[in-house]
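See below for the structure under consideration.
The values are calculated or read from the model by the stated rules, or taken from the named source; none is laboratory data. The structure presented is a predicted model; accordingly, all values stated were derived computationally and were not measured. All Cβ positions, glycine included, derive from the backbone under ideal geometry; neighbour counts span all protein chains shown. Keep in mind that these areas ignore ligands, DNA and RNA; they rest on the heavy atoms of the full protein, side chains included. Shrake-Rupley method; radii C 1.70, N 1.55, O 1.52, S 1.80 Å.
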Amino acid sequence: MRRAWEAGETAASLAQRYDVGLANLWRRRASEGGKRRATADPDPEPAEGRDRYAQRKQAEFEYQLEETRLLAAKLAEAMRGGPLEQVPVWHLGFVPEWRAENLPPGTAACDRAWAVRHGWTGAFWSETGWLHPLSYLDEVTLQANRDAWREDAGLPPGAAESWPC
């Protein structure tokens, strides 16, 4: 009886099977110190059912896969020296930094001229013409595009106003 109870069988079914009262069963369990194995709760079934859930998840996966591939193509083009205009905003710090380290010096000069013409990205370079570290570039990008970040994060106006910090 003890092994069956520890394996998860209910006390009521054991009492019926062995013709023992529940009180006696509980008393015996307490005196012998039996312990059940912890079992994880089963995952609840999605409200729309497993098939529709799986269909939705596959569509989300395919969308994310296509988005990632498009991003990779745009970044690869920019890293070969292509125009910065097509680089997604959240990568505008990374690409010039990568290009400055891996492409000829003339590319960095062109990147700086482009950035100065486009407003906030001009802050990527110091007054002496040196490109700031990537962490600083990311911070400039985040602060300049704060409202877009908040919208992407699903934060409505007036909620968690200190974010992003």
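Considering only residues of the stretch 124-161 that are open to solvent by 80 Å² or more (accessible area, probe 1.4 Å) and not in a helix (DSSP H, G or I), which is nearest to TRP90 (Cα to Cα)?
Step by step, filter the stretch 124-161, then rank; the result is PRO133.
Which one is surrounded by the fewest Cβ atoms within 10 Å (Cβ to Cβ) among residues in the stretch 29-68 that are part of a helix (DSSP H, G or I) and touching a residue at least 24 places away in the same chain (Cβ under 8 Å)? I'd like the intermediate steps shown before the answer.
Our first condition is that a residue be part of a helix (DSSP H, G or I); within the stretch 29-68, this holds for 29-32, 50-68.
From what's left, touching a residue at least 24 places away in the same chain (Cβ under 8 Å): 29, 32.
On the way: ARG29: 18, GLU32: 10.
The qualifying residue surrounded by the fewest Cβ atoms within 10 Å (Cβ to Cβ) is GLU32.
Give all pairs with beta carbons closer than 7 Å in which a residue from the stretch 71-90 that is within 20 Å of GLY119 (Cα to Cα) meets a residue that is aromatic (Phe, Trp, Tyr); count only pairs at least 6 apart in sequence or on separate chains.
Short answer, once both residue conditions are applied: LEU84/TRP114.
I'd like the full set of residues that are open to solvent by 30 Å² or more (accessible area, probe 1.4 Å), of a type in the set (D, E, K, R) and assigned to a helix (DSSP H, G or I), limited to the stretch 76-112.
Selection gives GLU77, GLU85, GLU97, GLU101, ARG112.
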